[in-house]
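Worksheet: one structure, shown below.
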Amino acid sequence: MLHYLFTQLLDMFIYEKEDKKVTLCFLVNFSTDVSALVEEIQKVEPLITASRSDQVKLLIQRLQNKLGQHSNHKFYLFKVLRAHILPLTNVALNKSGSCFITGSYDRTCKLWDTASGEELHTLEGHRNVVYAIAFNNPYGDKIATGSFDKTCKLWSVETGKCYHTFRGHTAEIVCLSFNPQSTLVATGSMDTTAKLWDIQSGEEVFTLTGHSAEIISLSFNTSGNRIITGSFDHTATVWDADTGRKVYTLIGHCAEISSALFNWDCSLILTGSMDKTCKLWDAVNGKCVATLTGHDDEILDSCFDYTGKLIATASADGTARIFSAATRKCITKLEGHEGEISKISFNPQGNRLLTGSSDKTARIWDAQTGQCLQVLEGHLDEIFSCAFNYKGDIIITGRGERDPINLAFLSNWGEMPRIWHNVSR
């Protein structure tokens, strides 16, 4: 039976027959010859028989159509929200983009309706800065907040009530992540440890010890059985999420780690560092397979696209770069920002990149050519957080505010269906 899992986070379809499963992951563009691609698939995947070819062609055509949506339209500002009385720390969207959350130095997290800009809930209870925030996507019914008060709290999206307060860290919590199954939340702290917490019971499951400096990045792989932590001790460590045991430590960077994450199929790990490089690692054995060079200053953020075929890096040198995960070569350099780039992400379709910079702008780029397609202006201070929603038709940007008397605001940028034709290039 052929199942098509169009998640928009990955160009993927899966063919299942009895207990066999073949996963085909590939990047499709607008000019792909569908018939030729199906023939290539059949050569390497015998389970895709001739009788299935028409179905496969239809799926690829649907994928092409999906990739083509919004490609000729520009974003424009449609909401500016005065969110908190003190500066923001982070922003995050739920899967659908219907609502988003903001963390702040005012010790609260706020939940907002994206379309109306209405504040839905104020999550109060922390005694210090709310720094790390996340939805339990794809479910989106819970929110986790990590604070400088050394605790993490779990909240209901529907009611705004606090389910649990996770206590145990001895220093600030600066990063957190739900596992894909939404049964665990992981927290990383300045106390050099990470902890796993059971969402149902509110109990600590494991403490991950071994780093000698602050943990500033952590994420689960897509299977949820591994977690990676990045530290100021210049290393990243992979842990078994089921046992809490260390699997291996990635040693090779010569400065602090800024980001650490798995690709979609869990075969590669990407780490970014203040040593101006990113490294690719084999996720099975922990061996370094490539060092991505070219930046003239610290790497502040890095990411895979949703197929794992492209890598993007953002640097304090004011540029971003796109690398091929297969060849490890730089494909294109993104130039135009006038300040350091602190955030970078692909849209779910993989054909656009979003960057946020200290030059007070965000930019949208063509992921293949490196051409800047649009500059999102209007902020009065550096942009520290920005993200696409799941469909790729809304962008949310957040900035810091140096003057605590002024109100920090958060802007949503979105393609409004009623004017798509008016803004076509």
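The values are calculated or read from the model by the stated rules, or taken from the named source; none is laboratory data. All values reported here derive from a predicted model rather than from experimental measurement. Don't worry about glycine lacking a Cβ; one is built from the backbone with ideal geometry, like all the others, and counts go over all protein chains shown. For accessibility, only protein heavy atoms count, side chains too; no ligands or nucleic acids. Shrake-Rupley method; radii C 1.70, N 1.55, O 1.52, S 1.80 Å.
Across the accessible surface of segment 60-208, with the other protein chains kept in place and a 1.4 Å probe, carbon and sulfur atoms take up 44 percent. Calculated accessible area for segment 106-204 comes out at 41 Å² per residue, all protein chains present (probe 1.4 Å; ligands, DNA, RNA ignored). Summing Lys and Arg as +1 and Asp and Glu as -1 over all other residues whose Cβ lies under 11 Å from the Cβ of Asn225 gives a net charge of -1. Can you pick out the pairs among Lys279/Lys309; Lys142/Lys246; Lys79/Lys110; Lys276/Lys343; Lys309/Lys329; Lys287/Lys343 whose Cα atoms lie more than 18 Å from each other? The answer is Lys142/Lys246; Lys287/Lys343. Per residue, segment 222-289 exposes 39 Å² of solvent-accessible protein surface, assessed with a 1.4 angstrom probe and all protein chains in place.
Rounded to the nearest 20 debye, the dipole magnitude of segment 223-343 is 520 debye, with +1 charges on Lys and Arg beta carbons, -1 on Asp and Glu beta carbons, and the Cα centre as origin.
Classify segment 140-230: rounded, prolate or oblate, from the alpha-carbon gyration tensor (a ≥ b ≥ c, eigenvalue square roots; a/c under 1.5 rounded; otherwise prolate if a/b is larger than b/c)? Because a/c hits 1.5 or more and a/b fails to exceed b/c, segment 140-230 counts as oblate.
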